[in-house]
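What follows is one structure encoded as structure tokens, with my remarks underneath.
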Amino acid sequence: MTRSFSHAPIDFRTMPPVVRWLLIANTAVFVLRAFVGKEFDLLFGLVPHQVLSERWVWQPFTYVFLHTGVFQLVFNLFCIWMFGMPVEAQWGGLEFVKFYVICGLGAAAAALAMGPGSSSPVTVGAAGPIFGLLVAFAMLYPDAVVYLYFLFPVTARQMAVIFGLIELFAAASDGTPGPGRFAGLGGMAAAYVYIRWWWMMKIKAKAWFKGMGVGVRPAGVPPRRGARPAAPPPAAKAASMEDVDRILDKILASGIDSLSEEEKSIMKRYAEKQKEKRVP
């Protein structure tokens, strides 16, 4: 299926809620850091010694909101807006937040692995999630034309490959590459694995539910003689795709036996709806 998208001028009133929140949060943290000073980086940046030895477990989540300069902040905000808008529009807010956090954690894991003993911040900023959003955008809209550095037209797929190679060559050519060099690559790797593995599992689970038997009598088959007419089922809320995705995530994480009766009922209605769509 071919997907299309377009960007309107930046308008906070029509911006998807998570993208809008990220722009506000990153800007607010930047202003707060300017008042507090560099101690703020030691507390909320990614400091491997503190994370691994002191168990400062919040740092892999908070470092993505810190930026050391105005240019870094503005560029990252622009990338969140550019790539985040169409991705959130496709996936919805909840899935977008999950993906953003996973990419940030992937970038943090790569940086921690490359400098586990460092006692200073090895990386700050949203590079990991942004590189992850770039991968997601390229996989959703591979043939979309983007102007690289605002000058050179390339497809989204080509842009993702180019930026990945730039990061890889920069890390490989540096005699002593810092752990922060690998944060972007970690975000890209986390994004690709998540989309290729987790989403493929969800698609297969959806296909299984679409074909599952739900006890519906085939068209044209009369009811059994002497059987009482089935009572009309109580009015039930239509299964939304957010409900279905949430339940599929639960099945993939804990198995189908972990579903409640209400969740099983939602999936049954979803399967019935899919069967009705296939009836000519």
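Quick note: the coordinates plus some simple rules give every number you see, no bench work behind them. Being a predicted model, the structure only gives us computed values, none of them experimental. Positions of Cβ are backbone-derived with ideal geometry, glycine not excepted, and every protein chain shown enters the neighbour counts.
Descriptive notes on the structure:
- A simple spin-label model places the labels of residue 58 and residue 39 1.5 nm from each other, with each point 7 Å out along Cα-to-Cβ.
- When 194, 141, 147 are arranged by Cβ crowding within 10 Å, least crowded first, meaning fewest neighbours, the order is 147, 194, 141.
- Taking 0.36 nm per residue of sequence separation and removing the Cα-Cα distance, the residue 155/residue 242 pair yields an extension gain of 28.3 nm.
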